[in-house]
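Visitor: Below you will find the structure I want to go over with you.
The values are calculated or read from the model by the stated rules, or taken from the named source; none is laboratory data. None of these values were measured; they are calculated from a predicted model. Cβ placement follows ideal geometry from the backbone for every residue including glycine, while neighbour counts extend to all protein chains displayed.
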Amino acid sequence: MRKKHTYIWPTVIAATLALGIFVGGKLHFTDSPERLFSSNSKKDKLNRLIDYIDYEYVDEINTDSIVDVTVNNILEKLDPHSVYIPKKEMGKISENMKGDFVGIGINFYPYKDTISVIRTIENGPSFLNGIKAGDRILMADDDTLYGKNISDEAIIDRLKGKQGAPVNLRVYRKTEDRTFNVTVKRDVVPLKSVEAYYMLTPDMGYLKVNRFAESTFKEFKKTLKELRKRGAKKLTLDLRDNPGGYLGIAEQMADEFLEEGKLILFTKNKKGKVDKIYATDDGDFEDKPVYVLINERSASASEIIAGALQDNDVGTIIGRRSFGKGLVQREMDLGDGSAVRLTVSRYYTPTGRSIQKSYDGGNKDYYQKFIDRYHSGEMVSVDSIKVADSLKFTTPKGKVVYGGGGIIPDVFVPIGTNEEEVLESIEGLFSYFVFEHLDENRALYEGLSREEFVSEFRVDDILFERFLDYLVAQRLKMNFYDFEGRIKLYLKAALAEQLYDPNLSAEIRSSADTMLQQVLQIDMPNAASQKETDRIGASN
């Protein structure tokens, strides 16, 4: 019965991943602490200590900060994924996992101390009121939104509000050299989980999911339906860099590919209670080829889907060994607006694998082991992945799979060279440079249709050289001319995102994506076989 919702530099990766897994671990909790616990001497001891410090200590002390430190220290002794969420962070994290917020519907840069619109969200409040890419928002009601000392958080706070509440914006449009006022009614703005989708081949859809939030499954279903309308009989599901999220959403998504009665996963708590989750008859993409892309930053709910399909001999898992998070957290309110996410069980794939890597050495060692992957050779050779025979499992069709720390893909794709990974990691620089370019040259692209942009537009040498000058100014050094073709492709993709949408950008970048090229190579015999079957069927 289905449960309801319950090569970047290694140091940068560790920090990013820690934040991603922290956000990705949010699962529902149904019992209140009051129901679970009664007063005891351990609680009383901590309460008395805080009271003594409050009333008797010689100096004034912020006991709230002491409590925060104490809670964090306690949780660090448990496991890397039991975490404390301070009150000031709860709103942002809850919003991210909910999948929407109330605002005016723009993507922006704080460019030269002014809010500059990159793109308006289609059919959002700003879009419907005529705000365009390149516009500067100078004021919101009586609040000034420009200046060196204003933070992104302050800007967002002033633009957000209650649904339907109007905000009067003072806008400067550079292309027309004029300033005007426009009143925008705030509305619900989606935070997309389906980052991009398009047709990779005439019969294969591509769909990238960046997290598992409350809205993710609905987005996924809607997008899958659209891809099927376009002719998709196969699917590439991209879960790279996806840190996870709601367990129930992962279960629903896995169900789309599995026949009724197939085991998706099971969980086990410290009392030994086992809960098994089985596929229902609701799946819309059963018995169809599916390729799942994972990498070293795919975690938690992403691993649930990859493990469920792999253990049921469905589809093909492509990429590199996933992160290895097999713990389930539940969120508990602490009564003051803060919360704790506590690990309450482990999950296991259908063959019985736990893919949680060891955390016996503590949190620092836990993330150091992740960094060590980059130095052990694991990222370039599947033979360098250390596996234990004691953690060997077999799928129903006889495929050998391993537990003990992540999902090992069926088809391994090595990481790129240092230079290639640097280019992947500086996507923000491509985006920022392109914004500056469009800010000065937007008229050059007016009237250029999406189709014309794809087929006719080429990044010329002048724009390429200007971008190299920009990178040098950012103190980035490498032999850029060895990667001229790729850099020009990424510049075109960045232009596509700001002129059109993220789907077109992802489609353009796909030709330089080694994992996607691997999908096409694997699928080629299948595609040829299908064409022959169709030909025979037509002749009969």
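Visitor: Only one of 219, 176 is surrounded by fewer than 22 Cβ atoms within 10 Å (Cβ to Cβ) and either of a type in the set (Phe, Trp, Tyr) or modelled with pLDDT of 95 or more (or both). Can you tell me which?
Guide: None of the other options fit; the residue is 219.
Visitor: May I pose another question? Going through region 386-404 one residue at a time, which ones are in contact with a Gly (Cβ under 9 Å, 6 or more places away or on another chain) and more than 10 Å from residue 353 (Cβ to Cβ)?
Guide: Hits for region 386-404 are 386, 387, 388, 390.
Visitor: Any residue that is surrounded by fewer than 17 Cβ atoms within 10 Å (Cβ to Cβ), assigned to a helix (DSSP H, G or I) and of a type in the set (Lys, Arg) - is there at least one of those in region 64-82?
Guide: no
Visitor: Considering only region 218-228, I want to know if a residue exists there that is of a type in the set (D, E, K, R) and assigned to a loop (DSSP other than H, G, I, E, B).
Guide: There is no residue in region 218-228 that is of a type in the set (D, E, K, R) and assigned to a loop (DSSP other than H, G, I, E, B).
Visitor: Based on what the data block shows, is residue 442 more than 30 Å from residue 382 (Cβ to Cβ), not polar (S, T, N, Q) and not in a helix (DSSP H, G or I)?
Guide: Taking the combined requirement at face value, the residue does not satisfy it.
Visitor: Just the residues that are at pLDDT 95 or above and either touching a helix residue (DSSP H, G or I) at 6+ places or on another chain (Cβ under 6 Å) or acidic (Asp, Glu) (or both), please, taken from region 403-422.
Guide: 407, 410, 412, 413
Visitor: Does residue 390 qualify as being modelled with pLDDT under 95, surrounded by fewer than 20 Cβ atoms within 10 Å (Cβ to Cβ) and in a loop (DSSP other than H, G, I, E, B)?
Guide: no
Visitor: Mind checking which residues of region 354-367 are of a type in the set (Phe, Trp, Tyr) and either outside the structural domain of residue 401 (by TED's automatic domain parsing) or outside any helix (DSSP H, G or I) (or both)?
Guide: Across region 354-367, the qualifying residue is only 359.
Visitor: Give me a count of the residues in region 474-520 that are in contact with a Gly (Cβ under 8 Å, 6 or more places away or on another chain) and crowded, with 20+ Cβ neighbours inside 10 Å.
Guide: Here the count works out to 1.
Visitor: Could you tell me which of the residues 464, 453 is in contact with an Asp or Glu (Cβ under 8 Å, 6 or more places away or on another chain), closer than 30 Å to residue 132 by Cβ and surrounded by fewer than 18 Cβ atoms within 10 Å (Cβ to Cβ)?
Guide: The match here is 464.
Per-residue answers, yes or no, for (1) at pLDDT below 85; (2) part of a helix (DSSP H, G or I); (3) out of contact with any Gly (no Cβ under 6 Å at 6 or more places or on another chain):
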position	(1), (2), (3)
107	no, no, yes
117	no, no, yes
132	no, no, yes
149	yes, no, yes
154	yes, yes, yes
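Visitor: Taking residue 31 and the conditions (1) at pLDDT 85 or above; (2) among the acidic types (Asp, Glu); (3) in a loop (DSSP other than H, G, I, E, B), which numbered condition does it fall short on, given that it satisfies the others?
Guide: That leaves (1) as the condition not met.
Visitor: So, one more: Go through region 229-252 and report how many residues are under 17 Å from residue 325 (Cβ atoms) and not in a loop (DSSP other than H, G, I, E, B).
Guide: Residues flagged as under 17 Å from residue 325 (Cβ atoms) and not in a loop (DSSP other than H, G, I, E, B) within region 229-252 amount to 6.
Visitor: Of the numbered conditions (1) within 31 Å of the chain's Cα centre (by Cα); (2) modelled with pLDDT under 95; (3) of a type in the set (Lys, Arg), residue 531 satisfies every one except a single condition; which is it?
Guide: Single failed check for residue 531: (1).
Visitor: Applying the selection to region 314-331, what residues are of a type outside the set (Lys, Arg) and more than 17 Å from residue 235 (Cβ to Cβ)?
Guide: 322, 323, 324, 326, 327, 328, 329, 331, listed by residue number.
Visitor: Against the condition assigned by TED's automatic domain parsing to the domain that holds residue 343 and either within 16 Å of residue 193 (Cα to Cα) or aromatic (Phe, Trp, Tyr) (or both), how does residue 275 come out, does it pass?
Guide: It is false that residue 275 is assigned by TED's automatic domain parsing to the domain that holds residue 343 and either within 16 Å of residue 193 (Cα to Cα) or aromatic (Phe, Trp, Tyr) (or both).
Visitor: Do you know which of the residues in region 275-302 that are among the basic types (Lys, Arg) and part of a loop (DSSP other than H, G, I, E, B) is farthest from residue 327 (Cα to Cα)?
Guide: Checked region 275-302; the qualifying residue farthest from residue 327 (Cα to Cα) is 288.
Visitor: Among the residues of region 126-144, are any farther than 30 Å from residue 192 by Cα and not assigned by TED's automatic domain parsing to the domain that holds residue 210?
Guide: Yes, there is a match, as at least one residue in region 126-144 is farther than 30 Å from residue 192 by Cα and not assigned by TED's automatic domain parsing to the domain that holds residue 210.
Visitor: Sticking with this one: Examine region 393-405 for a residue that is within 24 Å of the chain's Cα centre (by Cα) and surrounded by fewer than 17 Cβ atoms within 10 Å (Cβ to Cβ), and state whether such a residue exists.
Guide: Checked region 393-405: no residue is within 24 Å of the chain's Cα centre (by Cα) and surrounded by fewer than 17 Cβ atoms within 10 Å (Cβ to Cβ).
Visitor: Here is a follow-up. Answer with yes or no whether residue 248 is more than 25 Å from residue 392 (Cα to Cα) and at pLDDT below 95.
Guide: So residue 248 fails the test.
Visitor: Of these, 107, 72, 62, which one is closer than 28 Å to residue 148 by Cβ and out of contact with any Pro (no Cβ under 9 Å at 6 or more places or on another chain)?
Guide: 107
Visitor: Go through region 307-353 residue by residue and tally those that are over 25 Å from residue 279 (Cα atoms), part of a strand (DSSP E or B), in contact with a Lys or Arg (Cβ under 8 Å, 6 or more places away or on another chain) and among the charged types (D, E, K, R).
Guide: 2
Visitor: Within region 145-173, how many residues turn out to be closer than 23 Å to residue 191 by Cα, surrounded by 12 or more Cβ atoms within 10 Å (Cβ to Cβ) and of a type in the set (Ser, Thr, Tyr)?
Guide: Number satisfying all stated conditions: 0.
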